[in-house]
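Please treat every number below as a calculation from the coordinates, not as lab data. Since this is a predicted model, take the numbers as computed values, not measurements. Cβ atoms come from the backbone with ideal geometry, glycine included; neighbour counts cover every protein chain shown.
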Amino acid sequence: MIKVVVFSMWACAVMLGAGYSTARLRDQALSPSAKATKEAPAETRKLKELNVPKIRGGVVRGYIVVQINYIVRSDRVNAGGAFSDAIVADEVFRYLYDDDSINFEHLEKYDIKKMTATLIGSINGRLKADAVVDFAVQEFNFLPSQQEKRL
C-alpha cells in the first residue's frame with residue numbers, strides 16, 4: 001500500500017513539472033523576441049508621381065518622371081510630428097533637379113543606389129531622426145520635351 005501512495009505522489013510531481021515546463025516553453029515561443037521588440041514597426045508610404053524638369057543651357061530638355069515608395073519607422077514618425085510626404089517629395093525633387101549626371105544625348109544606366117542612399121541621409125538629417133529606412137523606386141523615366149522652351 002505504501003508503494004502505491006509513493007508512486008502516486010511521484011506521478012503527480014512528474015505531471016506538475018511537465019505541465020509547468022510546457023506552459024513556460026509555450027510562453028517563451030509565443031512572446032516577441034528581444035530583437036523584434038527593439039525594431040520599430042515599419043510603414044510603407046507611396047509618393048505621388050513627380051515630374052522634374054531638366055534644364056540645360058536655359059532650355060527645358062525634358063522631364064524626369066519618378067514615383068517612389070519609401071519605408072518609415074512608425075515610432076519615429078509619430079514622435080517627431082513634423083514628418084510628412086511633402087518633405088520626402090521636396091528632397092526627391094531637389095536631388096533630381098540638381099543632379100547633372102543624366103546625359104540626354106547618351107542615356108546611361110542611372111545610379112539608383114547612390115540616389116536612394118543620398119535621399120535617406122538628407123531626409124533623416126533634415127528631420128534629425130532615423131525615420132526613413134529604405135526607398136523603392138516604382139517608376140523612373142525620362143520624357144524628352146516635344147518643344148524646347150527657352151527660359
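Worth a mention:
- Packing-based exposure ordering (other Cβ within 10 Å, fewest first) of ILE2, ILE123, ILE102: ILE2, ILE102, ILE123
- Summing charges over all other residues whose Cβ lies under 11 Å from the Cβ of ASP99, with Lys and Arg as +1 and Asp and Glu as -1, gives 0.
- In percent, rounded to a whole number, the relative contact order of the stretch 38-144 is 37, using alpha-carbon pairs under 8 Å and six or more apart.
- Normalised convex hull volume, the stretch 38-144, alpha-carbon set, Å³ per residue: 100 Å³
- A simple spin-label model places the labels of GLN28 and SER101 4.9 nm from each other, with each point 7 Å out along Cα-to-Cβ.
- Approximating the spin labels as points 7 Å out from Cα along Cα→Cβ, the SER145-to-PHE7 distance works out to 9.8 nm.
- For LEU119, LEU143, order by how many other beta-carbon atoms lie within 10 Å, fewest first: LEU143, LEU119
- Cβ crowding within 10 Å, taken as a proxy for footprinting-reagent exposure, orders MET115, MET9, MET1 from fewest neighbours to most as MET1, MET9, MET115.
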